[in-house]
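**Student:** Take this structure first; my questions come after.
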Amino acid sequence: MRDSILAILNSGTGLALEFADLIYIGQLEDLRFNVIIQPNGLLPLCEGEEFIYEDAEEAVDHFMKLRADHGLGFDYETGEKKIGEI
């Protein structure tokens with residue numbers, strides 16, 4: 001999954017990834033990358049904690065860690081992965 005996310009971010013298309021309004025990764029207009037997380041779902045994602053990165057790989061690694069730490073994704077919901085597992 002990491003390589004697929006990197007390919008999307010490095011494509012230059014401006015595409016981003018988001019899951020259930022809880023976690024997001026994308027590229028900003030200034031070509032930096034941002035990760036936003038709102039794991040409790042009580043507030044809009046735009047009011048979540050934002051992290052900014054110059055490097056796409058650093059952004060993706062942090063996105064993957066946050067996703068695993070909070071168990072966000074259907075793979076966690078179905079029990080295919082355990083929370084905290086990358």
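**Student:** List the pairs whose first member sits in the range 53-74 and is free of Cβ contacts under 8 Å to residues at least 24 places away in the same chain and within 14 Å of residue 6 (Cβ to Cβ), whose second member is of a type outside the set (Ser, Thr, Tyr) and part of a helix (DSSP H, G or I), and whose Cβ atoms are under 8 Å apart, counting only residues at least 6 apart or on separate chains?
**Tutor:** Taking only residues 6 or more apart or on different chains, the pairs are 53/59; 53/62.
**Student:** For the range 33-52, name all the residues that are at pLDDT 95 or above, over 12 Å from residue 5 (Cβ atoms) and not aliphatic (A, V, I, L, M).
**Tutor:** Hits for the range 33-52 are 34, 50, 51.
**Student:** List every residue pair whose Cβ atoms lie under 9 Å apart, where the two residues are 6 or more positions apart in sequence or sit on different chains, the first residue falls within the range 23-41 and is small (Gly, Ala, Ser), and the second residue, located anywhere, is in a strand (DSSP E or B) and surrounded by 12 or more Cβ atoms within 10 Å (Cβ to Cβ).
**Tutor:** 26/17; 26/18; 26/33; 26/34; 26/35; 26/36
**Student:** Limited to the range 27-50, what total is found for residues that are assigned to a strand (DSSP E or B), buried (at least 17 other Cβ atoms within 10 Å of the Cβ) and not polar (S, T, N, Q)?
**Tutor:** Going through the range 27-50 one residue at a time, the tally reaches 4.
**Student:** Out of the residues in the range 1-16 meeting the condition of being assigned to a loop (DSSP other than H, G, I, E, B) and of a type in the set (Gly, Ala, Ser), tell me which one is surrounded by the most Cβ atoms within 10 Å (Cβ to Cβ).
**Tutor:** 16
**Student:** Which of the residues belonging to the range 51-78 are within 9 Å of residue 35 (Cα to Cα) and surrounded by 17 or more Cβ atoms within 10 Å (Cβ to Cβ)?
**Tutor:** Across the range 51-78, the qualifying residues are 53, 59, 60, 63.
The values are calculated or read from the model by the stated rules, or taken from the named source; none is laboratory data. Everything numeric here is computed off the predicted structure, so don't read it as measured data. All Cβ positions, glycine included, derive from the backbone under ideal geometry; neighbour counts span all protein chains shown.
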